[in-house]
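The values are calculated or read from the model by the stated rules, or taken from the named source; none is laboratory data. Everything quoted here is computed from the prediction, not taken from an experiment. Here Cβ is always computed from backbone atoms with ideal geometry, including for glycine, and neighbour counts include all displayed protein chains. Accessible surface is based on the protein model in full, side chains and every heavy atom, while ligands, DNA and RNA are left aside. Shrake-Rupley method; radii C 1.70, N 1.55, O 1.52, S 1.80 Å.
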Amino acid sequence: MSYDIGPQYPKDRQLDHTGFLEAARKHQSRFRAERLNLPFQNYGNFLTPEDAKAGRNFYPGFGVLDAAQRRYPTVSEKVYGNMLRSEHIPLNLFHPLNADDAFRLSVFSTLLNRPMLSVGKVEVEYVPPLPATNYLNDRTSFDAYFEYRDIEGRTGLVGIEVKYTEREYPLEAGSKQEREVNDRTTPYFKVMADSRIYREGCEADMITDEFRQIWRNQLLGESILLKHPDLFAHATLLTVFPEGNKHMTRACSGYKEFLTSPEGKFVALTYERFIAVCREYAPSKEFNDWLDYLQERYIVV
């Protein structure tokens with residue numbers, strides 16, 4: 001039996017005038033119909049509840065589904081059923097790297113342009129340990145996280161934020177986050193000042209919809225570094241997105257301008273670059289098959 005791509009959301013163009021959201025939804029719908037050969041639920045990019053529960057949103061290798069089930073024991077639609085959402089992507093992109101230490105070392109040494117002696121395993125959906133008051137006091141998390149040791153024997157941490165079709169995040173009026181990012185006495189602004197990585201006078205820019213999410217994730221890494229100077233010498237934010245997401249391209253480029261020295265602190269990485277570097281060091285056909293899946297699954301052409 002063959003399946004069609006199914007209905008598409010009619011307001012995608014209103015939500016994203018660049019057309020990337022619309023194209024990405026159709027791409028995921030086509031992948032479901034043609035590569036997975038599965039039916040849809042309501043819209044073309046949604047798996048049926050049965051296929052969602054079976055884990056068909058995840059790469060079928062390297063224990064990715066097992067890792068997903070450990071991290072997300074409750075089968076929710078956004079993680080297991082919606083192929084357009086980004087929640088499943090960190091597992092598909094990064095968990096397979098944990099299968100080969102040398103491969104992971106080569107990939108991240110190249111991507112971060114930093115020679116490393118060792119790279120720890122990548123943890124998906126990383127939340128710093130309690131108490132939250134040690135950090136940003138808001139339970140901000142990284143989509144993925146790992147630690148490494150550089151050639152001088154110092155330890156660094158890398159927080160990873162993964163995007164797909166996401167754009168800016170409007171603040172909800174009257175929300176806790178709105179109050180906190182507009183209150184200069186909150187941990188956000190203390191960490192911002194103590195980190196000394198930002199140019200003077202950019203506080204108002206950082207809380208705008210364009211940059212706030214990147215800023216908060218950068219501050220999470222800096223808060224860990226400030227709290228544990230005996231453990232860490234470096235903190236880096238790695239933001240990953242497809243080339244077609246022009247909003248993220250602009251946001252990352254603009255954000256770098258607010259950093260006194262972005263080198264080693266902030267890295268904007270496209271899916272295309274990630275896949276290319278992984279191909280350069282792929283140790284076996286098993287890894288190349290995974291990279292073929294990532295290329296077909298996420299690169300919108």
**Histogram of C-alpha separations across the chain, 10 Å bin width, %** = 6, 26, 34, 25, 8, 1, 0
**Prompt:** Projected area of segment 197-301, taken from the Cα convex hull and averaged over every viewing direction, in nm²?
**Reply:** 8.4
**Message:** Net charge around Leu136, counting only other residues with Cβ within less than 12 Å of its Cβ (Lys, Arg = +1; Asp, Glu = -1)?
**Reply:** +1
**Message:** Over segment 131-239, with the other protein chains present, what is the accessible area per residue in square angstrom, probe 1.4 angstrom?
**Reply:** 45
**Fill in**
Beyond 17 Å, the calculated P(r) of segment 25-72 holds a percent of Cα-Cα pairs equal to 34
**Item:** Kyte-Doolittle at least -1.0, axis length at least 18 Å by Cα - qualifying DSSP helices, the chain
**Value:** 212-227
**Asked** Taking all protein chains as present, what is the carbon and sulfur share of the accessible area of segment 108-203, in % to the nearest whole number, probe 1.4 Å?
**Response** 47
**Request:** Using per-residue counts of other Cβ atoms within 10 Å, averaged over each peptide, order 217-224, 39-46 from highest down.
**Result:** 217-224, 39-46
**Message:** As a test, work out the antiparallel percent of DSSP beta bridges whose residues both lie in the chain, rounded to the nearest 5.
**Reply:** 55
**Prompt:** How are the C-alpha pair distances of segment 18-100 spread across 5 Å bins, as whole percents from the shortest bin up?
**Reply:** 3, 16, 26, 25, 17, 10, 3, 1
**Asked** On average, how much accessible surface per residue is there in segment 56-113, in Å², for a 1.4 Å probe, leaving out ligands, DNA and RNA?
**Response** 39
**Item:** Using alpha carbons only: equivalent-ellipsoid semi-axes of segment 39-192, gyration tensor based, whole Å
**Value:** 28, 26, 13
**Message:** Within 10 Å of each candidate Cβ there may be at most 14 other Cβ atoms; applying that plus a DSSP loop requirement, which trypsin sites (Lys or Arg not before Pro) in segment 1-103 survive?
**Reply:** Lys11
**Net charge contributed by nearby residues that have their C-beta within less than 13 Å of Leu84 (K/R +1, D/E -1)** = +2
